[in-house]
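**Q** Encoded as structure tokens, here's the structure I'll be asking about.
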Protein chains: 2
Amino acid sequence: MAEEKMTRDEALARQGYRHACHVMLYGDSSAKLFGKIPIKHIVLMQMRFDGLLGFPGGLVNPSEETLEAGLSRELHEEVGVAVRVGVDDHMSSCVSSSCPRLITHSYIKKMTEAELKEIERAAVASATDHGLEVLGMVRVPLYFLKKGGGLPYFLSHSFISNSRAQLLSALRHCRLLSQGELKEAVRQAEQMRRTHSYITLAQPHQSC
Amino acid sequence: MAEEKMTRDEALARQGYRHACHVMLYGDSSAKLFGKIPIKHIVLMQMRFDGLLGFPGGLVNPSEETLEAGLSRELHEEVGVAVRVGVDDHMSSCVSSSCPRLITHSYIKKMTEAELKEIERAAVASATDHGLEVLGMVRVPLYFLKKGGGLPYFLSHSFISNSRAQLLSALRHCRLLSQGELKEAVRQAEQMRRTHSYITLAQPHQSC
């Protein structure tokens, strides 16, 4: 479904809309899977209370706080540490195609590998939402394994609202993957989702 | 696809098969989501390196170690702490329907809420597989929210091999959910997977 995009200022000028802010926290990594497949980048998402995957964040009331202050507050509850998100981290705003009268604001923030690891630690050790609104943080695989493993399998999961589109858009925006790689991953994911309604996947040795 | 079930001893007597052992770590919880929806139970799964959901564990070579010693070794790598799994925790063994000449062994181990939280902490703080073979631990929602949120949404994700069937079987075995609840969750999950190939879900207020 096509979404109505607008600037941050245009979004804030709209009357009678609720606002939700979410952020993709990401960074570079030199780690190698099985000592040979470069991980390259870490991108954090979370398993939400409703069983869907999404980005950290939540509803913000701009009459009470700025979008970024609200997002930082939500982040603190969900990842257990203070993460300062600013106007410069704003990527896009659009009217939600799935929630009535909701504008979703998407942010991207680059961090170091050590900072991202600290967030993962705090998310289970000190976050007030752990085990409640958040069921766990996960890293998004950005590589491609044989038979679809990696990003295509990941994209075949179920995501909240437009968060899957936000992920793809952010990966393209940050040039973490090429347009061609993203298109191919989406194609494989959708084929998998269509054809494996009850999932029994043939796996290469290492995946079993 | 129907799976060929057997006892642990029958499985070990088979020649020319590889063996994979996985465990469902679970426990009771008194926590309430939004202060009102009882969580009741914690069940741990993980996001795997290939982008699929599954249980902790891996391949074991019974000529070198017992199934349980091998499973405990794999667990230590994946969850960062020693978890003793014994023969008494064995639930079922069956020939894999998706991997050639593989027997999968399923275990269940009940722990306290504090022990499960310690595993979640160690999984990101000290596990050698964190960020490599394991992209994150997640809790399985066992409750039902409006419009399918909770277990049905969770079951609509993509799982490795027979791990989704193992989850359902273990939930029934441990009486964490009734047969009727499980059937309804599966029905909703499969409908969702069939109809939302490109997922844009209409959500109630709290889910947006």
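No lab work stands behind these numbers, since they all come straight from the coordinates. Since we're looking at a predicted model, the values are computed, not measured. As a convention, Cβ positions derive from the backbone with ideal geometry for all residues, glycine included, and neighbour counts pool all protein chains shown.
**Q** Restricting attention to the range B:45-65, does a residue exist that is among the aromatic types (F, W, Y), within 11 Å of chain A (Cβ to nearest Cβ) and within 17 Å of the chain's Cα centre (by Cα)? Break it down stepwise before answering.
**A** To start, the set of residues in the range B:45-65 that are among the aromatic types (F, W, Y) comprises B:49, B:55.
Next cut, within 11 Å of chain A (Cβ to nearest Cβ) only: B:49.
Cutting the leftovers down to within 17 Å of the chain's Cα centre (by Cα) gives us B:49.
The answer is yes; a qualifying residue exists.
**Q** What do you reckon, is A:Y153 among the aromatic types (F, W, Y), farther than 25 Å from A:D88 by Cβ and at the interface with another protein chain (Cβ under 8 Å from one of its Cβ atoms)?
**A** On the way: among the aromatic types (F, W, Y): yes; farther than 25 Å from A:D88 by Cβ: yes; at the interface with another protein chain (Cβ under 8 Å from one of its Cβ atoms): yes.
Here the answer is yes, as A:Y153 does meet what is asked.
**Q** Could you list, in sequence order, the residues of the range B:108-126 that are outside any helix (DSSP H, G or I) and either without any contact (Cβ under 8 Å) to a residue 12 or more places away in the chain or more than 11 Å from chain A (Cβ to nearest Cβ) (or both)?
**A** The answer is B:I108, B:K109, B:K110, B:M111, B:T112.
**Q** Restricting the search to the range A:127-149, which residues are surrounded by fewer than 23 Cβ atoms within 10 Å (Cβ to Cβ), at the interface with chain B (Cβ under 9 Å from one of its Cβ atoms) and either β-branched (V, I, T) or without any contact (Cβ under 8 Å) to a residue 12 or more places away in the chain (or both)?
**A** A:G131
**Q** Could you tell me which of the residues A:V87, A:V83 is within 18 Å of A:E120 (Cβ to Cβ), in contact (Cβ under 8 Å) with a residue 40 or more places away in the chain and out of contact with any His (no Cβ under 7 Å at 6 or more places or on another chain)? Break it down stepwise before answering.
**A** Working: A:V87 fails: within 18 Å of A:E120 (Cβ to Cβ).
Unique residue meeting the criteria: A:V83.
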